[in-house]
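Visitor: Can you read through this structure? Questions will come right after.
The values are calculated or read from the model by the stated rules, or taken from the named source; none is laboratory data. Bear in mind the structure is a predicted one, so any value in this text is a computation, not a measurement. Methodologically, a virtual Cβ is constructed for each residue, glycine included, from the backbone with ideal geometry; neighbour enumeration extends over all protein chains shown. The protein model used for the area step is the full one, side chains on, heavy atoms only, and it has no ligands, DNA or RNA in it. Shrake-Rupley method; radii C 1.70, N 1.55, O 1.52, S 1.80 Å.
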Amino acid sequence: EILTDPRMAGTAVIVNEFGSVPIDHGLVRVGSERYFQTTTGCICCTATSDIRVSLYELHDAMQKRKIPAIDRVIIETTGLADPAPIINSIIPGGAPATSLRDHVVARQFRLSGVVTTFDVLNGRMTLHSIIEGWKQLAFADHIVLTKTDLADEPKDWVRELKLLNPA
């Protein structure tokens with residue numbers, strides 16, 4: 001729904017496929033007849049090369065006019081993704097550049113922010129079993145609470161999450 005908003009025109013989405021069979025990209029509605037899918041696999045497992053390859057392929061497709069120009073890229077990951085390697089692959093001074101491709105990506109893309117969703121029904125259970133959930137909350141510039149309409153009791157999630165991420 002967010003991508004259908006006119007203010008999101010010029011947005012590319014990189015969908016991180018976690019499993020061996022790619023299905024996540026099929027859940028995203030395509031806004032035009034052109035669809036660009038990268039082939040790099042899970043970006044959090046081998047992030048340094050894979051996210052840079054995905055961004056380079058996106059830039060190359062724009063240069064060759066295979067896709068329209070974009071203003072922003074949203075990188076979707078799973079709840080199992082470790083955000084640190086992905087962020088380090090994009091920020092200046094993070095993972096070292098090893099190829100010309102990496103330098104092109106560094107000049108064309110910059111990290112604007114990290115948004116993490118937190119499921120108020122199942123989030124606590126996730127945090128107790130998966131360390132990546134804690135990391136995602138800690139790295140977040142913005143935390144979006146989901147399923148608040150389904151919660152039995154109102155809770156001050158903002159105050160509780162501020163203990164994990166004061167920002």
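Visitor: T116 versus (1) loosely packed, with under 11 Cβ neighbours inside 10 Å; (2) not in a loop (DSSP other than H, G, I, E, B): which is the lone unmet condition?
Guide: (1)
Visitor: Run down D82, D71 and say which single residue is within 19 Å of A12 (Cβ to Cβ) and either touching a helix residue (DSSP H, G or I) at 6+ places or on another chain (Cβ under 6 Å) or surrounded by fewer than 18 Cβ atoms within 10 Å (Cβ to Cβ) (or both).
Guide: Result: D71 is the single residue among D82, D71 that is within 19 Å of A12 (Cβ to Cβ) and either touching a helix residue (DSSP H, G or I) at 6+ places or on another chain (Cβ under 6 Å) or surrounded by fewer than 18 Cβ atoms within 10 Å (Cβ to Cβ) (or both).
Visitor: To continue, here is another question. Which of the following residues is closer than 19 Å to P83 by Cβ, touching a helix residue (DSSP H, G or I) at 6+ places or on another chain (Cβ under 8 Å) and either open to solvent by less than 50 Å² (accessible area, probe 1.4 Å) or of a type in the set (S, T, N, Q) (or both): Q108, Q136?
Guide: Testing whether each residue is closer than 19 Å to P83 by Cβ, touching a helix residue (DSSP H, G or I) at 6+ places or on another chain (Cβ under 8 Å) and either open to solvent by less than 50 Å² (accessible area, probe 1.4 Å) or of a type in the set (S, T, N, Q) (or both) leaves just Q136.
Condition check ((1) under 15 Å from the mean Cα position of the chain (by Cα); (2) modelled with pLDDT of 50 or more) across all residues:
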| residue | (1), (2) |
| --- | --- |
| T11 | yes, yes |
| N16 | yes, yes |
| S20 | no, yes |
| G26 | no, yes |
| G31 | no, no |
| D50 | yes, yes |
| R65 | no, yes |
| I74 | yes, yes |
| T78 | yes, yes |
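Visitor: How many residues are part of a helix (DSSP H, G or I) and open to solvent by 70 Å² or more (accessible area, probe 1.4 Å) if we restrict to the stretch 89-105?
Guide: Residues meeting the conditions: 2.
Visitor: From the residues in the stretch 139-149 that are aliphatic (A, V, I, L, M) and closer than 16 Å to L163 by Cβ, which one is least open to solvent (accessible area, probe 1.4 Å)?
Guide: A140
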